[in-house]
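Below you'll find the structure, written out as structure tokens, and then a few comments.
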Amino acid sequence: MNQKTKGEKEYIGRVAVYPGSFDPLTYGHIDIVERALEIFDKVILAIAHATSDASKRSLFTVEERIEMARGVFEHLPNVIVDSFNGLLVDYVGKTNAKVILRGLRATSDFEYEFHMASMNRSLNIHLDTMFMMTNKDYFFVSSRSIKEVASLGGAVEGLVPNLIARRLKEKFKLPLTKEKQIGWEY
Ligand code: PNS
């Protein structure tokens with residue numbers, strides 16, 4: 001009998017956990033989730049309370065990131081938005097996922113991702129990390145650059161969903177109607 005203890009979550013079918021800060025979610029992340037749904041029955045978007053990179057301070061609280069992600073994925077019932085604290089492998093171990101999913105934009109991502117995937121595999125040999133290449137349209141998009149552009153009044157529509165663009169403007173106390181173009185048309 002497969003009995004789960006309190007706090008463990010069992011999902012039916014092939015499940016992948018897509019972890020990250022998602023501060024905020026971009027179209028690059030959304031594209032990965034949509035493509036992963038062609039392979040997996042369920043994708044758990046696992047929003048980290050804290051990241052391994054101590055220099056990263058989040059703009060949005062975990063609660064805000066969860067709320068935004070649930071809004072973005074409300075039309076996709078096979079996407080579960082959750083959050084986790086502590087070790088990723090401990091969180092994944094409480095689901096029946098065997099795969100950690102990550103997006104790769106460029107070779108510059110590789111070292112960090114290789115280190116993380118290797119560490120996670122050494123912590124739990126039953127888990128594998130699967131990488132998906134980011135869609136070429138979003139190669140230059142990162143949550144960090146989105147925050148920088150938005151904080152300086154640049155337009156991020158087309159790179160993040162409208163609901164997130166609006167929340168960025170509210171965060172940076174920018175007018176909701178007026179925005180500066182950043183050099184190209186979407
Ligand atoms: O989107 P990010 O910020 O690159 O995501 C990084 C994240 C949250 C996936 C990573 O920092 C993480 O898994 N943190 C949890 C702590 C952990 O398990 N560390 C061991 C792996 S090195």
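The values are calculated or read from the model by the stated rules, or taken from the named source; none is laboratory data. Source: prediction; values computed, not measured. Because the Cβ atoms are built from the backbone with ideal geometry, glycine has one as well, and the counts that use them run over all protein chains shown. Side chains included, ligands, DNA and RNA excluded: accessible areas come from the protein's heavy atoms. Shrake-Rupley method; radii C 1.70, N 1.55, O 1.52, S 1.80 Å.
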Seminar exercise, completed: Quick count over region 12-45, residues being among the hydroxyl-bearing types (Ser, Thr, Tyr) and free of Cβ contacts under 8 Å to residues at least 60 places away in the same chain, is 0
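Of a type in the set (A, V, I, L, M, F, W, C), at pLDDT 95 or above and more than 18 Å from the chain's Cα centre (by Cα): which single residue out of ILE164, ILE146, ILE125, ILE182 fits that description?
Only one candidate passes the filter, namely ILE125.
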For this session: Name the single residue, out of those in region 123-132 being within 11 Å of the ligand (Cβ to nearest atom) and outside any loop (DSSP other than H, G, I, E, B), that is nearest to TYR91 (Cα to Cα).
Result: LEU123
Exercise. THR107: of a type in the set (S, T, N, Q), at pLDDT below 95 and within 15 Å of the ligand (Cβ to nearest atom), yes or no?
Worked result: no
For this session: Please tell me if ASN135 is more than 13 Å from the ligand (Cβ to nearest atom), touching a helix residue (DSSP H, G or I) at 6+ places or on another chain (Cβ under 8 Å) and either touching a residue at least 60 places away in the same chain (Cβ under 8 Å) or open to solvent by 40 Å² or more (accessible area, probe 1.4 Å) (or both).
Result: yes
Exercise. Given the conditions (1) within 25 Å of ALA150 (Cα to Cα); (2) crowded, with 17+ Cβ neighbours inside 10 Å, and given that ARG57 satisfies all but one, which numbered condition is not satisfied?
Worked result: (2)
For this session: Name the single residue, out of those in region 22-54 being within 14 Å of the ligand (Cβ to nearest atom) and of a type in the set (Ser, Thr, Tyr), that is surrounded by the most Cβ atoms within 10 Å (Cβ to Cβ).
Result: THR26
For this session: Go through the residues of region 73-92 one by one and say whether even a single one is modelled with pLDDT of 95 or more, in a loop (DSSP other than H, G, I, E, B), farther than 28 Å from ARG166 by Cα and hydrophobic (A, V, I, L, M, F, W, C).
Result: yes
Exercise. Among the residues of region 93-128, how many are crowded, with 16+ Cβ neighbours inside 10 Å and among the polar types (S, T, N, Q)?
Worked result: 4
Seminar exercise, completed: By residue number, the members of region 112-122 that are modelled with pLDDT of 95 or more and either polar (S, T, N, Q) or within 8 Å of the ligand (Cβ to nearest atom) (or both) are HIS115, MET116, SER118, MET119, ASN120, SER122
For this session: Tell me which residues, restricted to region 79-92, are of a type in the set (A, V, I, L, M) and open to solvent by 50 Å² or more (accessible area, probe 1.4 Å).
Result: LEU87
Exercise. Which one of GLY71, GLY154 is within 28 Å of PRO175 (Cα to Cα), more than 13 Å from the ligand (Cβ to nearest atom) and more than 17 Å from the chain's Cα centre (by Cα)?
Worked result: GLY154
